[in-house]
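The values are calculated or read from the model by the stated rules, or taken from the named source; none is laboratory data. Please read all numbers here as calculations on a predicted model, not as lab measurements. Please note: Cβ atoms are built from the backbone with ideal geometry, for glycine as well, and neighbour counts cover all protein chains shown.
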Amino acid sequence: MRPLVTLLGRELALAWSRGGGPLPALAFYAGMATLLPFAVGPEPERLAAVAPGFAWLALALASLLSLERLFERDFEDGTLDLLALGPAPLEAVCAIKCLAQWLAAGLPLAFAAPLAAIALGAPVPVAPLVFLCALIGGLAFAFVGGLGAALALGSRRGGLLIAIIVLPLFAPPVIFGGGALTQLAAGLPWTSGLALLAGWTAAAVALSPLAMAAACRNAVD
Amino acid sequence: MRPLVTLLGRELALAWSRGGGPLPALAFYAGMATLLPFAVGPEPERLAAVAPGFAWLALALASLLSLERLFERDFEDGTLDLLALGPAPLEAVCAIKCLAQWLAAGLPLAFAAPLAAIALGAPVPVAPLVFLCALIGGLAFAFVGGLGAALALGSRRGGLLIAIIVLPLFAPPVIFGGGALTQLAAGLPWTSGLALLAGWTAAAVALSPLAMAAACRNAVD
Amino acid sequence: MISRIVIEDLALRRGERLLFEHLAFTVSPGETVALTGRNGAGKTSLLRAVAGLLRPVAGRVTFEGVEPEAAAGALHLLGHLDGLKGGRTAWEELRFAALWSGGTEDGARAAAATLELDRLLALEVRKLSAGQRRRLALARLLAAPRPLWLLDEPLAPLDSVWRVRMGELMVAHTAGGGMILAAVHDPLPLPSRGVEVGA
Amino acid sequence: MISRIVIEDLALRRGERLLFEHLAFTVSPGETVALTGRNGAGKTSLLRAVAGLLRPVAGRVTFEGVEPEAAAGALHLLGHLDGLKGGRTAWEELRFAALWSGGTEDGARAAAATLELDRLLALEVRKLSAGQRRRLALARLLAAPRPLWLLDEPLAPLDSVWRVRMGELMVAHTAGGGMILAAVHDPLPLPSRGVEVGA
Amino acid sequence: MLSFLANPDRFMAFSRWAAPMFGVMAAGLMAVGLWLGFAAPEDYQQGDTVRMMFIHVPASWLALFVYLCLGVASFLSLVFRHALADAAAKAAAPLGAVFTALALITGSLWGKPMWGTWWVWDARLTSVLVLFLFYLGYIALRAAMDDETKGGRAAAILALVGLVNLPIVKFSVDWWNSLHQGASVFRAEGPAMTNDYLIPLLLMGLGYMAAFGSLWLVRIRAEVWRRKATVLALKAAEA
Ligand code: HEM
Ligand SMILES: Nc1ncnc2c1ncn2[C@@H]1O[C@H](COP(=O)(O)OP(=O)(O)OP(=O)(O)O)[C@@H](O)[C@H]1O
Ligand SMILES: Nc1ncnc2c1ncn2[C@@H]1O[C@H](COP(=O)(O)OP(=O)(O)OP(=O)(O)O)[C@@H](O)[C@H]1O
Ligand SMILES: [Mg+2]
Ligand SMILES: [Mg+2]
């Protein structure tokens, strides 16, 4: 356990300085909330209707674009060798990396998302669900994004590949979370959407480390 | 001139493979257009109303998140020294880098943005304006984003710095463009918003290379 | 403890090219083996294969006396790429490497003292000179004791004084039962057995 | 043409530390100067100062015979960091460096032939061995002719055969009126004048 | 069967006559299937457009089936490092992409008269699009790696990950309410379709299957030959 805790500390510090901590997340949402009225027109009820969904989608896009390079640095500067020769299996290393990424970037975004939704006029009762979706979904995005990043290691056209690989894996959680949000807005039961999201996240967290580790081993070879 | 053309070719190739050329842009928008209905609900008229604004916003976000690291690689692997010792002033080098980034990533995004807006049901007459905004605004985003990336070189907490530096510079063009789009949608004159956007872009293209070059010299020293 | 490392009938391929075949030698505790060979002969690839990062197309590498799964925990690999992050301080990097490889913080501090890095520990890695950076990388070997050292041109960026010091530290490691497998272009400043790769 | 390079009363500072002061020497056409000194003495920093990338705190570097603005165009700098991108092919990198430094594509091809890189040009840089990669970096010196070469430990990763070959190429460069300023820990395989940094 | 074909020489011998045979079978089955399909009576609701079914439904089946083949081949190549399995996976991907594209195109052509729209973002349609993206991702990932074995392995990992999408495509119509109809042929209670439609549909399905088998074998053979050629060229270059 001890080495993994050390690794988590290091990865957190790196992700924090790479992503800049919670401030960019907040700034990102602040910018979105400022702009949206301009883009959609300022009628409050129209804004309020799309606000939660926007907050949710913006989270997915932000994850998509910032997770891309999770492994590349470590691959290019030889750190991946060091990690592969450590006391923990590479699966655990990959999981820790994604977890750190989520803690450093996903978690602040999850806190910012409901604030942005409310600032845009979404009804306050929606906020907890936005938070829950962002919290759970962010974890899935982190792990799935890490998988894309690991698979694209050592290839030309990294960005292209990651987008193509990750998009199909991002679609289901976005659909589940969006479903829960629209159901809630329509006054319908929304737990099944959230449950599906949680299930997808659990599957992603459980399975993608295996694929990530295999991809890293393949890249290091 | 000859070396600058060579440099443009190289930077294009790098930006192309870093970003993956036009396909991720298309994939990004395809993903967005796919997911937006799920996130905000599929009612066509609601979608149509937010579509142009969303396409524009997504462009800004994509630029913000992908431009961050424009200089970092070159700084860390010594290429910046090579570029600084070349036949062209560093200002031109920086401008070329931003231009290449725009050609390789911004331009495809500009073509994809109106398509995404239409796919989401925006009225077809809005499309040319979305394209114009994306085209002009993308150039401003590229140069301003490059400035943030150059300023953050060699500092710890790069991400944080970039966010703080770049976001205030991103806000005005986003607001001008968004304003033009809502004006058009409301049947009001929209040229002033576009003119402001063009003015901002011209200022950014003219001034930011000076600041970028100074920041690079400082980092190399 | 590892009682011996046996390399038998080894063949490595990179891309489409076969680097070498039928390579065989052993490393016993207390021994230093210097790998020599032309550029591109496959010395670095061989070190990576011994570390288990590269899968040979034929033959095998056996660590006698330890389980195959534990082999990775018995060695340090110091390659051309030293796995140091320019933006972190020397101490952060050394401390992490020590704890990650099973050492302690005190071990890291002692290693830094041995390699006279104390004054540099607060600096960011990217500010170190080439020789200082290499010393930091070498400090990781001392920070967590592991019997086998796989070194890729370990002494090249060091000045003459540090080459001698490092030679002494390598002698001390082998004297304590350690093993060293080093790819070199210049002779090592300690008694060693040569193995030529891809001759 | 540069008639001489004069370094007068030079002092360099990194961070808070003064590396050296009152350093003075000259390099004339046809001369090779070998910079020696302990790790961290400031050899790399001196090379960067001569290239104009680092601003000295005192003294100056003068390129006699050329405008100060044209100085950067009269030199090649090959540092610890070689400015090669792992994801591009060797040929792409060499070709760009040649055109960027005022050379031609034919020059790049000739340089590759001289350094026997032809077979490797299609490979991605990250796949080259350390010595092959260094040869690629050295090929850039030949691909675009510039009178002054600033080299940071240029021969360390090369095998013995290539050290000799590279020595011959350096002799050829100085014989044609070129100048070489090289930071080294091992003696260069050609006649050179030594300057000790930070003694 | 699999272990019999795992031997490259036996595979080459087998595929040599099997590939053309499957091709002939495909032509025959599809000819009869189309004939019967056009002879079948018009649907009382759908009119003539019902004939789209004979193109659309088998293409959709094949889109799923080929992915399954890709997954199995990828698994074998990853676990047993079998070169032939890798070649089979490589050969299957573009075929699967074509079948998926065909399903998407014919489906959306059929959707216009039936649902009044070319496309809706519902679970079945979206999950098939996702399937198409997985095929594209597989092809792109392979193509982007200089090193063929590495590219093959990375792509195989992706193919295995994509297997989770298969049940989603299959059961999306049951799990979410969708415009698209549920299963009417392969279901627990037996087919819900008159024989007028069922027989040509099944013939077309078999025909598509045979066509896939034939093209797949041909592509694997080509890949095996290509690899032999590169090895020979390398030997010649080194000598
Ligand atoms: C782009 C749009 C469409 C897509 C992507 C699509 C996809 C699919 C897929 C993947 C299957 C195979 C399902 C399975 O094996 O369980 C299928 C079957 C089928 N589709 Fe579509 N479809 C589309 C449009 C349509 C339309 C417009 C109709 C007609 C109203 C239609 C009618 C059918 C029928 C009758 C089946 C056979 C169901 C069965 O027997 O299992 N599809 N489609
Ligand atoms: N992925 C790859 N694809 C093709 N060739 C490769 C790949 N990786 C390495 N090579 C080649 O393998 C050979 C062996 O490289 P290696 O780094 O093992 O050599 P080395 O003996 O360490 O050389 P040096 O003394 O220069 O460090 C080189 O010729 C290199 O070009
Ligand atoms: N930005 C910086 N801030 C503080 N100190 C620095 C900075 N950059 C370099 N140094 C220090 O300056 C000194 C000189 O470094 P330099 O790279 O010039 O040495 P060198 O003579 O080339 O050594 P080597 O032989 O190890 O390559 C080193 O002690 C280094 O730690
Ligand atoms: Mg090597
Ligand atoms: Mg130095």
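Please find, among E:199, E:220, the residue that is in contact (Cβ under 8 Å) with a residue 12 or more places away in the chain and more than 22 Å from residue E:134 (Cβ to Cβ).
On the way: E:220 fails: more than 22 Å from residue E:134 (Cβ to Cβ).
Unique residue meeting the criteria: E:199.
Which one of the conditions (1) of a type outside the set (Gly, Ala, Ser); (2) touching a residue at least 12 places away in the same chain (Cβ under 8 Å); (3) away from chain A (no Cβ under 14 Å) does residue E:169 fail to meet, given that it meets all the rest?
(3)
Out of the range D:175-185, which residues are more than 8 Å from chain C (Cβ to nearest Cβ) and either farther than 13 Å from residue D:32 by Cβ or surrounded by fewer than 19 Cβ atoms within 10 Å (Cβ to Cβ) (or both)?
First, the residues of the range D:175-185 that are more than 8 Å from chain C (Cβ to nearest Cβ): D:175-184.
Those that are more than 8 Å from chain C (Cβ to nearest Cβ) and either farther than 13 Å from residue D:32 by Cβ or surrounded by fewer than 19 Cβ atoms within 10 Å (Cβ to Cβ) (or both): D:175, D:176, D:177.
I'm trying to understand the selection: among the residues of the range E:118-159, which are at the interface with chain A (Cβ under 7 Å from one of its Cβ atoms) and either more than 17 Å from residue A:173 (Cβ to Cβ) or within 16 Å of ligand 5 (Cβ to nearest atom) (or both)?
To start, the set of residues in the range E:118-159 that are at the interface with chain A (Cβ under 7 Å from one of its Cβ atoms) comprises E:126, E:130, E:133-134, E:136-137, E:140-141, E:144-145, E:150, E:153-154, E:157-158.
E:136, E:137, E:140, E:141, E:144, E:145, E:150, E:153, E:154, E:157, E:158, listed by residue number.
Could you go through the range C:60-81 and let me know if any residue there is away from ligand 5 (no atom under 16 Å from the Cβ), polar (S, T, N, Q) and in contact with a strand residue (DSSP E or B) (Cβ under 7 Å, 6 or more places away or on another chain).
Yes; the residues of the range C:60-81 include at least one that is away from ligand 5 (no atom under 16 Å from the Cβ), polar (S, T, N, Q) and in contact with a strand residue (DSSP E or B) (Cβ under 7 Å, 6 or more places away or on another chain).
Take the residues in the range D:144-171 that are away from ligand 5 (no atom under 16 Å from the Cβ) and touching a Lys or Arg at 6+ places or on another chain (Cβ under 8 Å); name whichever of them is nearest to the other protein chains (Cβ to nearest Cβ).
D:159
Just one of (1) within 10 Å of chain B (Cβ to nearest Cβ); (2) touching a residue at least 12 places away in the same chain (Cβ under 8 Å); (3) in contact with a Gly (Cβ under 8 Å, 6 or more places away or on another chain) trips up residue D:81, so point out which.
Failed condition: (2).
Starting from the range C:140-169, keep only residues that are closer than 15 Å to residue C:80 by Cβ and within 16 Å of ligand 2 (Cβ to nearest atom), then list their pairs with residues that are polar (S, T, N, Q) and assigned to a helix (DSSP H, G or I) whose Cβ atoms are within a distance under 7 Å, requiring at least 6 positions of separation or different chains.
Once the first residue is closer than 15 Å to residue C:80 by Cβ and within 16 Å of ligand 2 (Cβ to nearest atom) and sits in the range C:140-169, its partners that are polar (S, T, N, Q) and assigned to a helix (DSSP H, G or I) give C:152/C:44.
Counting only residues that are of a type in the set (D, E, K, R) and within 16 Å of ligand 2 (Cβ to nearest atom), which one in the range C:1-23 is nearest to the other protein chains (Cβ to nearest Cβ)?
First, pick out the residues of the range C:1-23 that are of a type in the set (D, E, K, R): C:4, C:8-9, C:13-14, C:16-17, C:21.
Now restrict to residues that are within 16 Å of ligand 2 (Cβ to nearest atom): C:13-14, C:16-17, C:21.
Working: C:13: 9, C:14: 7, C:16: 5, C:17: 8, C:21: 13 Å.
Here the answer is C:16.
Out of E:63, E:83, report the one residue that is crowded, with 20+ Cβ neighbours inside 10 Å and either touching a residue at least 12 places away in the same chain (Cβ under 8 Å) or touching a His at 6+ places or on another chain (Cβ under 6 Å) (or both).
Matching residue, one of E:63, E:83: E:63.
A quick yes/no check of all residues on (1) under 20 Å from residue E:224 (Cα atoms); (2) within 14 Å of chain B (Cβ to nearest Cβ); (3) away from ligand 4 (no atom under 16 Å from the Cβ):
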site	(1), (2), (3)
E:27	no, no, yes
E:93	yes, no, yes
E:98	no, no, yes
E:104	no, yes, yes
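Go through D:70, D:108 for me and flag whichever is more than 16 Å from ligand 1 (Cβ to nearest atom), in a helix (DSSP H, G or I), without any contact (Cβ under 8 Å) to a residue 12 or more places away in the chain and over 16 Å from the mean Cα position of the chain (by Cα).
Values: D:108 fails: without any contact (Cβ under 8 Å) to a residue 12 or more places away in the chain.
From the options D:70, D:108, the qualifying one is D:70.
Can you tell me which condition residue C:116 does not meet? The list is (1) on the phi < 0 side of the Ramachandran plot; (2) away from ligand 4 (no atom under 16 Å from the Cβ); (3) out of contact with any strand residue (DSSP E or B) (no Cβ under 8 Å at 6 or more places or on another chain), and all the others hold.
Among (1) on the phi < 0 side of the Ramachandran plot; (2) away from ligand 4 (no atom under 16 Å from the Cβ); (3) out of contact with any strand residue (DSSP E or B) (no Cβ under 8 Å at 6 or more places or on another chain), the lone unmet condition for residue C:116 is (1).
When you scan the range A:37-116 for helices (runs of 4 or more DSSP H) that lie fully inside it, which ones turn up with 2 or more residues that are buried (at least 23 other Cβ atoms within 10 Å of the Cβ)?
Numbers: elements: A:44-66, A:72-76, A:79-84, A:90-101.
Here the list reads A:44-66, A:79-84, A:90-101.
For the range C:111-136, which residues satisfy the criterion of being surrounded by 18 or more Cβ atoms within 10 Å (Cβ to Cβ) and either within 16 Å of ligand 2 (Cβ to nearest atom) or without any contact (Cβ under 8 Å) to a residue 12 or more places away in the chain (or both)?
If the condition is that a residue be surrounded by 18 or more Cβ atoms within 10 Å (Cβ to Cβ) and either within 16 Å of ligand 2 (Cβ to nearest atom) or without any contact (Cβ under 8 Å) to a residue 12 or more places away in the chain (or both), then C:129, C:134 are the ones that fit.
Does residue D:52 satisfy the condition of being under 20 Å from the mean Cα position of the chain (by Cα), away from chain C (no Cβ under 14 Å), within 18 Å of residue D:146 (Cα to Cα) and touching a residue at least 40 places away in the same chain (Cβ under 8 Å)? Even if it seems obvious, please write down each step before you answer.
Working: under 20 Å from the mean Cα position of the chain (by Cα): yes; away from chain C (no Cβ under 14 Å): yes; within 18 Å of residue D:146 (Cα to Cα): yes; touching a residue at least 40 places away in the same chain (Cβ under 8 Å): no.
When the stated conditions are applied, residue D:52 does not pass them.
Quick check on my filter: what residues within the range D:73-93 are small (Gly, Ala, Ser) and in a helix (DSSP H, G or I)? Step through it out loud before you land on a result.
Filtering the range D:73-93 for residues small (Gly, Ala, Ser) gives D:73-74, D:79, D:83, D:86-87, D:90.
D:73, D:74, D:90, listed by residue number.
Of all helices (runs of 4 or more DSSP H) completely enclosed by the range E:113-197, which ones contain at least 1 residues that are at pLDDT 75 or above, of a type outside the set (Phe, Trp, Tyr) and within 13 Å of ligand 1 (Cβ to nearest atom)?
Details: elements: E:123-144, E:148-162, E:165-175.
Because the criterion is at least 1 residues that are at pLDDT 75 or above, of a type outside the set (Phe, Trp, Tyr) and within 13 Å of ligand 1 (Cβ to nearest atom), the helices (runs of 4 or more DSSP H) in the range E:113-197 that meet it are E:123-144, E:165-175.
Every residue in the range E:95-129 that is within 17 Å of the chain's Cα centre (by Cα), small (Gly, Ala, Ser) and closer than 15 Å to residue E:53 by Cα, please.
Selection gives E:103, E:107.
Which of (1) assigned to a helix (DSSP H, G or I); (2) away from ligand 4 (no atom under 16 Å from the Cβ); (3) more than 8 Å from every other protein chain (Cβ to nearest Cβ) is the odd one out, the single condition residue C:46 does not satisfy?
Residue C:46 satisfies every listed condition except (2).
When only residues in the range D:24-43 that are in a strand (DSSP E or B) and away from chain C (no Cβ under 13 Å) count, which is surrounded by the fewest Cβ atoms within 10 Å (Cβ to Cβ)?
Step one: of the range D:24-43, the residues in a strand (DSSP E or B) are D:24-27, D:32-36.
From what's left, away from chain C (no Cβ under 13 Å): D:24-27, D:32-34.
Working: D:24: 11, D:25: 14, D:26: 14, D:27: 21, D:32: 22, D:33: 20, D:34: 21.
Among those residues, the one meeting the criterion is D:24.
Residue-wise test of (1) within 15 Å of ligand 5 (Cβ to nearest atom); (2) under 15 Å from residue C:165 (Cβ atoms).
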{"site": "C:94", "(1), (2)": "no, no"}
{"site": "C:98", "(1), (2)": "no, no"}
{"site": "C:101", "(1), (2)": "no, no"}
{"site": "C:104", "(1), (2)": "no, no"}
{"site": "C:107", "(1), (2)": "no, no"}
{"site": "C:115", "(1), (2)": "no, yes"}
{"site": "C:124", "(1), (2)": "no, no"}
{"site": "C:131", "(1), (2)": "yes, yes"}
{"site": "C:136", "(1), (2)": "yes, yes"}
